[in-house]
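Comments concern the structure below.
The values are calculated or read from the model by the stated rules, or taken from the named source; none is laboratory data. Computed from a predicted model, the values in this text were never measured in an experiment. We place every Cβ from the backbone using ideal geometry, glycine too, and count neighbours over all the protein chains shown. The accessibility values were calculated without ligands, DNA or RNA, using every heavy atom of the protein model including side chains. Shrake-Rupley method; radii C 1.70, N 1.55, O 1.52, S 1.80 Å.
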Amino acid sequence: MNRPIFIITIGYIIGILWGLYFKISIVFLYLIFFILYFLSENFRNTFCRYLKLIIKFKIMMLLVFSSIISCTITEKMNNSFESLYKNVKEIKLQVQIIGNKTEKEYYNRYKAKVLTEKYKDTYLYVNTKEELQYGEILNIEGEYSKPSEARNYKGFNYKEYLKGNKIYGTIKVSKIEKVTIKKDIFYWLNELSLKIKGNIEKTYNPTVAPLILGVMLGDISLIDEETIQDFSQSSIIHVLSVSGLHVTYIIYLIEICTQNIFGQKKSRIIEIIMLLIYLAITGFTLCVERACIMGILMCSSFLFYRKSDTLNNISISALILLIQNPFNLLSTSFIFTYLGTIGVVYFRPFMQETITNIKIKSPQIQEKYTNFCKKHTSFIESISVTIGAQLITLPVIIIKYNFFSFNFIITNFLIEIVTGPIVIIGFIQIIITFISFQAGIAIAKIVQIPLIGLSLTSKIGTQFTFMNFKIATPETYQVIIYYIIIFFIYKLYKIKINPNKSFFEKKIFNIYQKIKSNFLNNYKKIFIFFIIIFFSLKIINNIPHDLEIYFLDVGQGDSTLVITPQNTTILIDGGGQETFDVGKNTLVPYLLDRKIKQIDYCIISHFDQDHVRRNFICFRRTKSKKCFNFKAISTIRKL
């Protein structure tokens, strides 16, 4: 059986999903499946033969055992969360601070690990006005508050987000007693991390220091919201997180510096140690863990004289993260980092061949295009990497940001040019600064040149807005259909290029050829069919329906969405706060989740800031046709 670890990981994922979304025991599911599987022994139809070919008994057993284990762990952990949410209000605990200070408006927030036996090894946020230090052990008393759930339709679920970080809630501290400070290896690694960040802030220009912290260490806490928005609109937000590119450069730099001195084996051991240190310095974020685990596995394969297998490396890293915390599966970071990796590794060759083999009617232009592709293979490969990653992550991007931009082809090609020098010279600068502060300042000036290029690239999305699109949130079934289509396209490509096709692959390829032939012979009829379906859905959508009224939770203030039987949309007020952008963060996402891209009427009852402060954002971004003030309307006509 090839790649059993991959099968185990798939089973583990199935078990987590079952444990999260279904109340029936997964054992009953597999019991039914086993009965059907063994009953199929008595049938000799085509479906049963294909079922036996696809699902071997050993594969099925691995799936069953791994999914039952993960389902049990997930349910137990979920019950543990729910138990704490229900039973705790006032609480006394002993905790250890395991996170640095996050400054809020009226207090400081710290991440803490609970040491008290009853809640041992759970994690909480500690809110206090006191200054605390990483590693401190404290006796605290305070009021426990459980995290809030989604307040609006498909809104942000803070409780599920914290589960992804293994955090059970927040304690507002009323009394605190410092016991001692634990100076273990993590304490000193945290000190090293703070020292590196401090050196970066001192050696770089204040305008670019936050960017270098984001690119080198994945720390975006000092980057302003406008810059984050620019990077997001230009489809290069992933640059501000650590990826496999960083790990590759770390391995490359260490190999150059140590291989000739210590030899290949010892050089690989040094690389593994440095990756573990880098993992600790960057705070054990999911994307860094994935990249570092895969890097360590690649280095280890050399030490044990084994060929490094990419799919196994992906599977092992995913399995480690999911065993660590099953709720990581729902984390946006987890989904992005693995889908992006799969897109780069497996869809790059497919996209490269597709781009290279584009057919052009004109023989002269075709010849020039073919020659261009042969001469500029690195350019074609770079574009293929970008499209491959974007193709696989597209539904997640739309669900998360309700946004898509065709700028990604230009911007991602440009950042590949500047990111390499930033990361390589940036690492050198970090090391040199510890030796000579003045030399660190001098090297920082060199790094600032490509950083300016990165900053300019991030502005492309805001300049070419005609390439940016706001998209309504897709339904789950649409996302599933999209990935099924992508999977079949990839499998057909693999079957097509495989000279030694199996019996099953030949059958699949023959079916594909027949479908392709029928499509080419009847493409006009198929096109007309889809046109009819499209307009039929439009007509159905315009059929009068019941009046719908939704009251939005916008914090302070009120907001109401009305959808009339004729599908006219009316937004009454929009809420507003001094420190929170309701229009951008609540109203627009809510409307896109409701599949509403345009508001017909925007009505403002009165001009207090808690009713209208951020309405202009909603008015602009949803292209409202008309905006009214109640006081200016003597009669409201029938809509």
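Between region 333-347 and region 168-246, the C-alpha centres lie 24 angstrom from each other. With the highest mean first, a sort of the peptides 358-364, 239-245, 273-279, 184-190 on other beta-carbon atoms found within 10 angstrom per residue produces 239-245, 273-279, 184-190, 358-364.
Distance between the pseudo-spin-label points of Lys58 and Ile531 (7 Å out from Cα toward the beta carbon): 5.5 nm. Of the whole protein surface, Lys154 contributes about 90 Å² of accessible area at a 1.4 Å probe radius. Phi-derived couplings, Karplus 6.51 cos²θ - 1.76 cosθ + 1.60 at θ = phi - 60°, listed residue by residue for region 162-178: 5, 4, x, 9, 6, 9, 8, x, 10, 10, 8, 6, 9, 9, 9, 10, 7 Hz, with x used for Gly and Pro. Placing Glu191, Glu90 in order of accessible area, with the largest value first and a 1.4 Å probe, yields Glu90, Glu191. A cut-off under 13 angstrom between Cβ atoms defines the neighbours of Gly440, and their net charge, with Lys, Arg +1 and Asp, Glu -1, is +2.
Using a probe of 1.4 Å on the protein chains alone, the accessible area found for Leu339 is around 40 Å². Heavy atoms of the protein chains alone define the surface here; on that basis region 280-412 has 47 Å² accessible area per residue at 1.4 Å probe size.
Rounded to the nearest 20, the size of the Cβ-charge dipole of the chain about its Cα centre is 2400 debye, with Lys and Arg at +1 and Asp and Glu at -1.
Only protein heavy atoms count here; on that basis, with a 1.4 Å probe, His376 has an accessible area of about 80 Å². Per-residue Karplus couplings for region 80-85, computed as 6.51 cos²θ - 1.76 cosθ + 1.60 with θ equal to phi - 60°, are listed in order as 5, 4, 5, 4, 5, 4 Hz, Gly and Pro entered as x. Separation of region 435-462 and region 526-550 by C-alpha centroid, Å? Region 435-462 and region 526-550 have Cα centres spaced 52 Å from each other.
A Förster radius of 30 Å, combined with the Cβ-Cβ distance separating Lys524 from Tyr477, puts the computed FRET efficiency at roughly 0.55. Quick one: pull the percent of accessible area on the chain belonging to carbon and sulfur, 1.4 Å probe, ligands and nucleic acids left out. Roughly 63 percent of what the probe reaches on the chain is carbon or sulfur.
Once you've got the Cα coordinates, tell me which of Lys104/Lys159; Lys86/Lys129; Lys101/Lys400; Lys111/Lys175; Lys197/Lys400; Lys470/Lys491 are over 21 Å apart. With Cα atoms farther than 21 Å apart: Lys86/Lys129; Lys101/Lys400; Lys197/Lys400; Lys470/Lys491.
Ordered from highest to lowest accessible area with the whole protein assembly present and a 1.4 Å probe, Val27, Val396 read as Val27, Val396.
With a probe of 1.4 Å, find how much accessible area region 442-542 has per residue, and write the answer as a whole number in Å².
75
Across region 354-361, coupling constants 3J(HN,Hα) worked out from phi with the 6.51/-1.76/1.60 Karplus curve, θ = phi - 60°, read 4, 5, 5, 9, 4, 8, 10, 5 Hz, and Gly and Pro carry x.
With the cut-off at under 20 Å, measuring from each backbone N in region 91-130 to a point 7 Å along the Cα-to-Cβ line of Ile181 picks out 94-103, 108-115, 126-130. Given the choices [x] -0.29, -0.99, -1.24; [y] -0.43, -0.85, -0.92; [z] -0.32, -0.95, -1.11, log10 I(q)/I(0) by the Debye sum over Cα atoms at q = 0.05, 0.09, 0.10 Å⁻¹ derived from the coordinates of this structure is entry [x].
One decimal place: the segment Tyr158-Lys361 gains 67.6 nm when fully extended, by the rule 0.36 nm per residue minus the C-alpha distance. For Lys23, a cut-off of 17 angstrom between C-alpha atoms picks up these lysines, skipping any fewer than 8 places away in its own chain: Lys76. Counting 0.36 nm for each residue step from Lys120 to Glu82 and taking away their Cα separation leaves a gain of 12.1 nm. Cross-link partners of Lys265 among aspartates and glutamates, defined as those whose alpha carbon lies under 16 angstrom from its own and excluding same-chain residues fewer than eight positions apart: Glu255. For the pair Glu131 and Phe22, label points projected 7 Å from Cα toward Cβ lie 5.5 nm apart. Taking a cut-off of 16 Å between Cα atoms, list the lysines near Lys496, but don't count ones fewer than 8 places away on the same chain. Lys496 reaches Lys506, Lys507, Lys514, Lys516. A crude spin-label estimate for the pair Ile409 and Glu255, with each label 7 Å from Cα along the Cβ direction, gives 3.2 nm.
Could you work out the helix-only [θ] at 222 nm for the chain, with each DSSP H run of four or more residues adding -39,500 (n - 2.57) and the total divided by the number of residues, to the nearest 500 deg cm²/dmol?
-19000 deg cm²/dmol
Under 5 Å between amide hydrogens, built in the peptide plane, is the criterion, and for Phe156 it picks out Arg151 among residues at least 5 positions away or on other chains. Ile549 sits among other residues whose Cβ lies under 13 Å from its own Cβ, and their net charge, with Lys and Arg +1 and Asp and Glu -1, is -2.
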